[in-house]
Each structure stands twice: as structure tokens, then as C-alpha cells.
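Participant: Please see the structure below; I have some questions.
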Amino acid sequence: MRTFLHDVVWVAVYELGEATRTRLFQLVLLAYAGGIGAATWILVMILRTLEQALAGTLGVPATERPGAMMQQLLENGDLAQLVGPIIGAENDPSSILSEPVLGIWTGMASMALLPLVLLFSASGSIAAEVRTRSLRYLLCRTGRLEIGLGKLVGQLLIALLAVAIGACIAWGMGMILMVGNPPVELAVAIAGRSLRAVAWALPFAGLGLAASSWVPSPNGARAVATALLIGMPILAHQLDERVGIDTAGRIADLAGLFLATNSWPDFWSADPAGLAAAVGRSIALAVLYYSLGHVVFVRRNL
């Protein structure tokens, strides 16, 4: 068991190193960082507009940098209206508005963008090494199961690297463009929401690795993985329409548990038990999705 875990960790570190040395992936990380920066800028503009409107109503001067009237925006329900559509109808906005709103917003942006980063990275991982035959380098040292699980853990490390970059950008912009943000509290909020985003995005890494095992072409695997990602919410909607108390309805309800996109509201739950269940489900789905590709990978002639 120790050797197995050692090999998994070794492959994970190798996966992270190979990804970060790839110029194309560096551009993806740059795009992710730019997306987080753009999302932060949008929030600043929204808050500035809300505060200017509130200042006009109260007859007080508006501030150039938003943040001075957050308590008033909280009391009149503007912040609840802002975050309500993000967290889903199942959750009460007041349960999370004790956190800095920038932390909540950064979590939303990370959850929206990180699956795309992992899908891009993972779907090219196995396929690229199969095409160049460099996968034999790993096969000389360990087995295919260790390689597959190591690559999945490596995608987790990639996700942590991406959210760390995004968190630093969001925190820095929040401190510069806003007022009234407690530095430590904001950092803790952004870090907590970013880690939730990592857990939420992990199944999409498994999906990308599965596609990479099916299709021995990085671009082809990315196309397949993207199609599956787009198809998930469509399928989820169709299943929701068929949920009921009859046998077909119960099957539709059960099938929805295997769609990673359905767990979005669970990661906004204020209940620790609910959040723990959501994280456990994401890990299980990541392994399940990858296993669908492993049955092909284990038989592939390399």
C-alpha cells in the first residue's frame, strides 16, 4: 500500500510539473486569472452603482471606491438580491452574507471557471502522452491504475495552483478598489470559497481524464469532454422534468445524482454536514468518471 500511494503521489507531482511547463496551459492559467480579475472588476462596478443610487436616496455624497455602505446594502436587501441567484433557491442568502461579499463573488467566479481549466488540462493529459509514446516512461516505473489516479490527484494540485493565483488577484483588487475590507477576514473568505470551488470542479477533471483515455488525440479528447460538459445541464433539465413518484420518475431522480453540475447549490450550503456530503459526492464522481475511461486505458496498446 505504501508503494502504491508513493507512486500515486509521484505521478501527481509529475503531472503538475508537465502541465506548468506547457505554454498552452500557461495561457489557460493566464485566462483564468484574467477571468477572476474581470469578475472582481464587475463586482466593484455593481457595488459602486448600488452605493451611488443609495447615496442619492439618502442625500449623502457618493464615494469613489465602494464598500463604505455595505451595511446599508445588506439591510435593504440589495446584497441578498445580488447573491441569491448565485447560490440557488435552496439556500438562504442571509446564511452566507456574514462573509465579505467579494469572497462570495470570487467563489462564484472560481466555480464557473475552474471546471473549464481542469477539463482542458485533464482531457489532454493521457491522450498527449499516448500520442507521443511518452507514457511508456511512467509505465516503466509503475502501473496503469497508479498513473490514472496519480493524474487525477495531479489535476487537484493544478486546481489548487489556479485558485491560489486567482485568490491573490481577487484579494489584491479588493484591497485596492474597495474600502472597508478587513484584510484577514477577506483572505479567509476567499480561501474558503476557493477551496469549495476546487472540490466542486474535481469531477470535471475525472471527466476530462476519461475523454483523454477514450480518444488518443488531445484536441479530440477536449472536444468530447466539452460536449459532455455542455450536455450535463441539458440532461439534468430533462431528468428534472421526469422526476416523480412512479418508477421512471424515481430512476430519473437517481440518475441526477450522477451529474456533477447538479451539486452547485450544495456547495453554497451553510450546513457543514451538507457541505461534507457535497465534497464526498464530488470525490466519488471524479473517481467514477475516471473509471469509465480507465476500462479503455487499461486495455490500450501503448
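Participant: Need pairs with beta-carbon distance below 8 Å; first residue closer than 14 Å to residue 78 by Cα and within segment 44-67, second part of a helix (DSSP H, G or I) and of a type in the set (S, T, N, Q); sequence gap 6+ or separate chains.
Facilitator: From residues that are closer than 14 Å to residue 78 by Cα, the pairs are 54/72.
Participant: Something else about it: Considering every residue within segment 105-127, establish whether at least one is open to solvent by 30 Å² or more (accessible area, probe 1.4 Å), among the small types (Gly, Ala, Ser) and assigned to a helix (DSSP H, G or I).
Facilitator: yes
Participant: Pairs under 6 Å by beta carbon, first residue closer than 16 Å to residue 111 by Cβ and of a type in the set (S, T, N, Q) in segment 268-280, partner surrounded by 14 or more Cβ atoms within 10 Å (Cβ to Cβ) and at pLDDT 90 or above, six or more apart or different chains?
Facilitator: Within 6 Å, the pairs are 269/275.
Participant: Inspect segment 229-246 for any residue being touching a residue at least 40 places away in the same chain (Cβ under 8 Å), out of contact with any strand residue (DSSP E or B) (no Cβ under 9 Å at 6 or more places or on another chain), of a type outside the set (Ser, Thr, Tyr) and crowded, with 20+ Cβ neighbours inside 10 Å and give the result as yes or no.
Facilitator: no
Participant: Out of all the residues in segment 210-223, which are open to solvent by 50 Å² or more (accessible area, probe 1.4 Å) and within 19 Å of residue 285 (Cβ to Cβ)?
Facilitator: Within segment 210-223, just 214 meets the criteria.
Participant: When segment 17-59 is examined, which residues are found to be of a type in the set (A, V, I, L, M), modelled with pLDDT under 90 and either closer than 20 Å to residue 182 by Cα or open to solvent by 70 Å² or more (accessible area, probe 1.4 Å) (or both)?
Facilitator: Answer for segment 17-59, where residues must be of a type in the set (A, V, I, L, M), modelled with pLDDT under 90 and either closer than 20 Å to residue 182 by Cα or open to solvent by 70 Å² or more (accessible area, probe 1.4 Å) (or both): 24, 58.
Participant: Being open to solvent by 50 Å² or more (accessible area, probe 1.4 Å), touching a residue at least 40 places away in the same chain (Cβ under 8 Å) and either under 28 Å from residue 188 (Cα atoms) or not in a helix (DSSP H, G or I) (or both) is the requirement here; does residue 90 meet it?
Facilitator: It is true that residue 90 is open to solvent by 50 Å² or more (accessible area, probe 1.4 Å), touching a residue at least 40 places away in the same chain (Cβ under 8 Å) and either under 28 Å from residue 188 (Cα atoms) or not in a helix (DSSP H, G or I) (or both).
Participant: Condition first: assigned to a loop (DSSP other than H, G, I, E, B) and within 18 Å of residue 204 (Cβ to Cβ). Now tell me which residues in segment 268-286 satisfy that.
Facilitator: Within segment 268-286, none qualify.
Participant: Scan 146, 75 and give me the residue that is open to solvent by 20 Å² or more (accessible area, probe 1.4 Å), closer than 20 Å to residue 17 by Cα and either at pLDDT 85 or above or basic (Lys, Arg) (or both). Outline the logic, then answer.
Facilitator: Values: 75 fails: closer than 20 Å to residue 17 by Cα.
Of 146, 75, the one residue that is open to solvent by 20 Å² or more (accessible area, probe 1.4 Å), closer than 20 Å to residue 17 by Cα and either at pLDDT 85 or above or basic (Lys, Arg) (or both) is 146.
The values are calculated or read from the model by the stated rules, or taken from the named source; none is laboratory data. Since this is a predicted model, take the numbers as computed values, not measurements. Because the Cβ atoms are built from the backbone with ideal geometry, glycine has one as well, and the counts that use them run over all protein chains shown. Ligands, DNA and RNA are excluded from the accessible area calculation, which covers all protein heavy atoms including side chains. Shrake-Rupley method; radii C 1.70, N 1.55, O 1.52, S 1.80 Å.
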